[in-house]
1. Please go through region 50-59 and pick out each residue that is out of contact with any helix residue (DSSP H, G or I) (no Cβ under 7 Å at 6 or more places or on another chain) and open to solvent by 60 Å² or more (accessible area, probe 1.4 Å).
2. Restrict the check to region 5-24 and report whether at least one residue is of a type in the set (Asp, Glu), assigned to a helix (DSSP H, G or I) and open to solvent by 50 Å² or more (accessible area, probe 1.4 Å).
3. Across region 73-91, what is the number of residues that are acidic (Asp, Glu) and in contact with a Lys or Arg (Cβ under 6 Å, 6 or more places away or on another chain)?
4. Just checking, does region 78-96 include any residue being more than 30 Å from Trp129 (Cα to Cα) and open to solvent by less than 40 Å² (accessible area, probe 1.4 Å)?
5. Among the listed residues Pro102, Pro165, Pro130, identify the single one that is at pLDDT below 70 and open to solvent by 80 Å² or more (accessible area, probe 1.4 Å).
6. Being assigned to a loop (DSSP other than H, G, I, E, B), of a type outside the set (D, E, K, R) and buried (at least 18 other Cβ atoms within 10 Å of the Cβ) is true for just one of Leu68, Leu34, Leu45, Leu62. Which residue is that?
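The values are calculated or read from the model by the stated rules, or taken from the named source; none is laboratory data. Just so it is clear, the model here is predicted, and its values are computed rather than measured. All Cβ positions, even for glycine, are placed from backbone atoms using ideal geometry, and neighbour counts span all protein chains on display. Keep in mind that these areas ignore ligands, DNA and RNA; they rest on the heavy atoms of the full protein, side chains included. Shrake-Rupley method; radii C 1.70, N 1.55, O 1.52, S 1.80 Å.
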Amino acid sequence: TLSRGEVSKTIYIKNGQVVFAVSNVAEDRLGETLLRDGIIGYAQLETAIGYMGGGKRLGSILVELGYLAPDKLVRGLLHQVKEIILSLFPWEGGAYRFVEEPLPTCEVITLNIATSRLILDGIRRIQTWPRIVHSVGNARATYGLTREGRALAEDLDLGAAHVVPLGGLVR
């Protein structure tokens, strides 16, 4: 769980892979995400919210009402979780708490998200050069991949179109 002021976002991880994320920020809610992406309309969201209660999740209600196909619900959940996590990368301060325990199965929908890809996308969202230079180190430094790093990077697109040279940092 990462927090900054009143904002709290929790990432659920299983065997090193991100499986879900939640946030207390209204804009991060599933309904808001689907609405913002144009997948559902405001009237549909309001109707579905009216049916909530008794432990039913918004996504299930949207599917039951025929407002959302099951595959679009999964894509919407993936997008929501990714955006919650990616929104953390620009943070320059805050607190975190790591708790190792079984996933709360009643709350967590397990999604298959490529963690290494998500981290790379998050790093690409950082736009303040002093922060990047501070985090990466001296621009003359040369970095190499460990065996484990090579395995993690196999699925990542690190092509020249995405590389920003910092002196000897990228070769």
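1. If the condition is that a residue be out of contact with any helix residue (DSSP H, G or I) (no Cβ under 7 Å at 6 or more places or on another chain) and open to solvent by 60 Å² or more (accessible area, probe 1.4 Å), then Gly50, Gly54, Gly55, Lys56, Arg57 are the ones that fit.
2. No, every residue in region 5-24 fails to be of a type in the set (Asp, Glu), assigned to a helix (DSSP H, G or I) and open to solvent by 50 Å² or more (accessible area, probe 1.4 Å).
3. Counting residues in region 73-91 that are acidic (Asp, Glu) and in contact with a Lys or Arg (Cβ under 6 Å, 6 or more places away or on another chain) gives 0.
4. Looking through region 78-96, none of the residues is more than 30 Å from Trp129 (Cα to Cα) and open to solvent by less than 40 Å² (accessible area, probe 1.4 Å).
5. So the residue among Pro102, Pro165, Pro130 that is at pLDDT below 70 and open to solvent by 80 Å² or more (accessible area, probe 1.4 Å) is Pro165.
6. Residue meeting the stated conditions: Leu68.
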